[in-house]
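Working notes, structure below.
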Amino acid sequence: MGTAEPSVMMMVLGVLLIFAAVLVLFTVVLKPRHTIPLSRRRPDVAAATSRLTILTDTAVGAINKRLKGKKEFLISREKLERSGVKTEPANFLLMMGAGALSGSVLGFLFGGLFLGIVMLIVVPAGMLAYLSVLTARRKSRFDEQLPDTLQMLTGSMRAGHSLLRAIDASAKESEAPMSEELSRIVNETRIGRDLGESMMDVSARTGSEDFSWIAQAIEIHREVGGDLAEVLDHVGETIRDRNQIRRQVKALSAEGKMSAAVLMGLPVVLFFALIFINPQYSKTFTSTVPGYLMLGVAAVMLTAGGIWLSRLIKPKY
């Protein structure tokens, strides 16, 4: 009986993988490259909505109704904007729920109830962690683009363009995320919002202290007057010096960050490898009270060690 159940499970998994491969073959590989949309081929016929679309729209509507009036539940619109993910909080929560359900089912099939519960927690936590990684990458990319963008601003103003026209031109010449943020400033200003408020919102959304200096310099220039291009040149020199120091600090702390990642990930990877390699041995941790206590102590110690390492590898400058 012990050998029959895994073989049946592997057979079911193999059949599912075959169906998935065939589906990918016909929907991705063999899909026609040049297709005419249904709205152009049959303009008088309304586009049919699939049952899956209706189900997801209903679920998103229900989540939005529950979140209405609440500030934040796991995820907010501000977090998604900072990470560059162009979706609604309800859609992201629905994806988290679907991922957690799928992960828990797969974990239960391959490792039992304990692994199913672990995957139910790990999948949403992993999605939130990935969102934090996207936020950090977007912030880093924004800081790297800032000196060149500032140089384009000063060049446009010296050529005779106004500040808003210079921002618009820089938005067209830049790449994301700088182009997205500058275009948002231009659009908000055109509908009547104050330029300084829009720029301070960008600095808060991207977490860029350097951009807040630019916003403050522009605001002071609007009150006092003077040569704004020259002021921004001095701000740009300061930003370049800060970026150089930031890169030096990043290079010096790279070894510590790699060591911290290995020390934090090795126990977790070995634990899951032990579950798959020798399930009988791992049952001590997943089916007995002393095993639960040892896992709890290990989680507390890993958390404390992670906080300690994070303080060591993030020097302030």
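Structure data summary
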{"item": "Restricting the stretch 171-192 to residues that are of a type in the set (A, V, I, L, M) and more than 20 Å from Asn243 (Cα to Cα), the residue that is surrounded by the fewest Cβ atoms within 10 Å (Cβ to Cβ)", "result": "Ile191"}
{"item": "Selection within the stretch 151-170 - open to solvent by less than 10 Å² (accessible area, probe 1.4 Å) and small (Gly, Ala, Ser)", "result": "Ala166, Ser170"}
{"item": "Residue among Lys314, Lys250 that is open to solvent by 100 Å² or more (accessible area, probe 1.4 Å), assigned to a helix (DSSP H, G or I) and among the charged types (D, E, K, R)", "result": "Lys250"}
{"item": "Candidate set: the stretch 183-197, residues that are in a helix (DSSP H, G or I), within 29 Å of the chain's Cα centre (by Cα) and not polar (S, T, N, Q); chosen: the one nearest to Glu223 (Cα to Cα)", "result": "Gly196"}
{"item": "Leu128 part of a helix (DSSP H, G or I), aliphatic (A, V, I, L, M) and in contact (Cβ under 8 Å) with a residue 60 or more places away in the chain", "result": "no"}
{"item": "Unmet criterion (only one of (1) open to solvent by 100 Å² or more (accessible area, probe 1.4 Å); (2) farther than 24 Å from Gly107 by Cα; (3) in contact (Cβ under 8 Å) with a residue 40 or more places away in the chain) for Gly236", "result": "(1)"}
{"item": "Filtered residue count, the stretch 193-218, keeping only those that are more than 23 Å from Glu237 (Cβ to Cβ), of a type in the set (A, V, I, L, M, F, W, C) and surrounded by 16 or more Cβ atoms within 10 Å (Cβ to Cβ)", "result": "1"}
{"item": "Residue within the stretch 289-303 that is at pLDDT 85 or above and under 30 Å from Arg242 (Cβ atoms) present", "result": "no"}
{"item": "Output for the stretch 93-140, where each listed residue is under 22 Å from Ala204 (Cβ atoms) and open to solvent by 70 Å² or more (accessible area, probe 1.4 Å)", "result": "Ser132, Arg137, Lys139"}
{"item": "Among the residues listed as Met294, Met301, Met264, the single one being surrounded by 10 or more Cβ atoms within 10 Å (Cβ to Cβ), more than 19 Å from Leu113 (Cα to Cα), without any contact (Cβ under 8 Å) to a residue 40 or more places away in the chain and not small (Gly, Ala, Ser)", "result": "Met301"}
{"item": "Residue check, Asp148 at pLDDT below 90 and either open to solvent by 80 Å² or more (accessible area, probe 1.4 Å) or polar (S, T, N, Q) (or both)", "result": "no"}
{"item": "Residue count, the stretch 82-92 (criterion: under 26 Å from Ser208 (Cα atoms) and surrounded by fewer than 19 Cβ atoms within 10 Å (Cβ to Cβ))", "result": "5"}
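The values are calculated or read from the model by the stated rules, or taken from the named source; none is laboratory data. Being a predicted model, the structure only gives us computed values, none of them experimental. Neighbour counts run over all protein chains shown; Cβ positions are idealised from the backbone, glycine included. With ligands, DNA and RNA removed, areas are computed over all heavy atoms of the protein, side chains included. Shrake-Rupley method; radii C 1.70, N 1.55, O 1.52, S 1.80 Å.
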